[in-house]
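The values are calculated or read from the model by the stated rules, or taken from the named source; none is laboratory data. Remember, it's a predicted structure, so these values are computed and weren't measured experimentally. Don't worry about glycine lacking a Cβ; one is built from the backbone with ideal geometry, like all the others, and counts go over all protein chains shown. Note: areas computed on protein heavy atoms with side chains; ligands, DNA, RNA excluded. Shrake-Rupley method; radii C 1.70, N 1.55, O 1.52, S 1.80 Å.
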Amino acid sequence: MSQKASARTRAHWTLRPYAVGLVVTAAIVGTLAYRSASSSAPSFSEVRRDHHGGATTGVDGAVTEADGPLPDGVTVFDDQYPGVANLDPDLLQALREAATDAAHDGVEFFVDSGWRSPEYQDQLHREAVSEYGSEEEAARWVATADTSAHVSGGAVDIGHFDAVAWLSEHGAEYGLCQIYSNEPWHYELRPQAIDRGCPRMYADPTHDPRMQE
Ligand SMILES: [Zn+2]
């Protein structure tokens, strides 16, 4: 790479975190605006609740806490829950460092959903297909057990709103990146983001090459 090209790359990467921050803010504001504009659209919290399923057992009663569902109020420090303890260790460490710093700002990180067993992910996927009426529409929100980063322990859905807002501003400093524009709460570890900022987001999971089975 020529010196000129590398300088250009640096400038590009320098601008990116700021641009991503703007996009995130726009996405959150857009979600809220959309919510108030259309009563039939799922709200921020409705969408989240739907995609995380019940906190205890599913419709068929087969999924238990050992499969990863979390009750309300679980934080990134609550190791006793498989949904937290089975997260990728590097992701969990980054989350805890970020949460410790966020606490100085009066912000607490809750985990709405973390690691999920394939059975739990299958259940969420079935529920999404039935709710949205088609595989295609459901795929914008819930991955299959074969493709979900939650099943490998590499993804976390963060609550509440103030924690999501804090992460959209500071997450890249810890390698924590929002991956999909339509899921402001879904974070994965991208260690290179610490130096370069987070990669460009996909509009939704259907644009993610990892979701192509
Ligand atoms: Zn997620």
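State the percent of C-alpha pairs, over all pairs in the range 117-213, separated by a distance greater than 21 angstrom. Of the Cα pairs, 34 percent sit more than 21 Å apart.
Note on the range 141-213: dipole from Cβ charges, positive end direction compared against VAL156, GLY171, ILE194; the farthest Cα belongs to ILE194. In this structure ILE194 has an accessible area near 100 Å², from a 1.4 Å probe over the protein heavy atoms.
Stretching GLU97 away from GLU173 to a fully extended chain increases their span by 26.3 nm, per 0.36 nm per residue minus the current alpha-carbon distance. Placing ASP78, ASP90, ASP162 in order of accessible area, with the largest value first and a 1.4 Å probe, yields ASP90, ASP162, ASP78.
Can you tell me the FRET efficiency between SER152 and THR75 if r is taken as the Cβ-Cβ distance and R0 is 30 Å, rounded to the nearest 0.05?
0.85
If you take the square roots of the eigenvalues of the alpha-carbon gyration tensor of the range 125-181 and sort them as a ≥ b ≥ c, do you get rounded (a/c under 1.5), prolate (a/b over b/c) or oblate? Numbers along the way, then the final one.
Numbers: a/c = 2.86, a/b = 1.94, b/c = 1.48.
It is prolate, given that a/c is not under 1.5 and a/b is the larger ratio.
Heavy-atom accessible area, probed at 1.4 angstrom with all protein chains present, ranks HIS160, HIS104 as HIS104, HIS160, highest first. A cut-off under 12 angstrom between Cβ atoms defines the neighbours of ALA103, and their net charge, with Lys, Arg +1 and Asp, Glu -1, is -4.
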